[in-house]
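Just below is one structure, and these are the notes that go with it.
Values quoted throughout were computed directly from the atomic coordinates according to the rules given, and no laboratory measurement underlies them. None of these values were measured; they are calculated from a predicted model. In this analysis, Cβ positions are derived from the backbone assuming ideal geometry, glycine residues included, and neighbour counts consider all displayed protein chains.
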Amino acid sequence: MDSATSAATAEALRKSIAGDCEIGPGADCEGADFDGADLDPGDAGWQNFDPIDLTGANLRNADMSGVSMFQGTLEDADLTGANLRGAQLRSASLKNAILRDADLTDANLSFADDRGADFTGAIFCNTIMPKGETNNDGC
């Protein structure tokens, strides 16, 4: 499959899963269902989602490796098992988000609001935490 076909397929998948929500900078996708979706910017050619509102969204097992969500809102979102390797979540709101078993290797969460977030079983390796410290617990 060539890259144009791959991008078109990814776009069709995103729209069918998320209803009318089109992922992109400034999008308001509150409550959208992205269960198992591939939101990897390398595959779809996205650079960033700065800022985006994904409050309460279902992002279980989504591939979000390398995404940038500076000041994004992921409050009450379910990111169980999500691939967030290399994700830039600086100053994002992760209040009450579920990040169980999420892979946060090389992710940047500096200045993120993680109050009430559930990181049970999450993988931390070279992960910059909200207060600036590096977490290598899962390396």
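The figures follow:
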{"read-out": "Which of 133, 75 has the fewest Cβ neighbours within 10 Å, and the rest in rising order", "value": "133, 75"}
{"read-out": "Beta bridges by DSSP in the range 73-138, antiparallel share as percent, to the nearest 5", "value": "20 percent"}
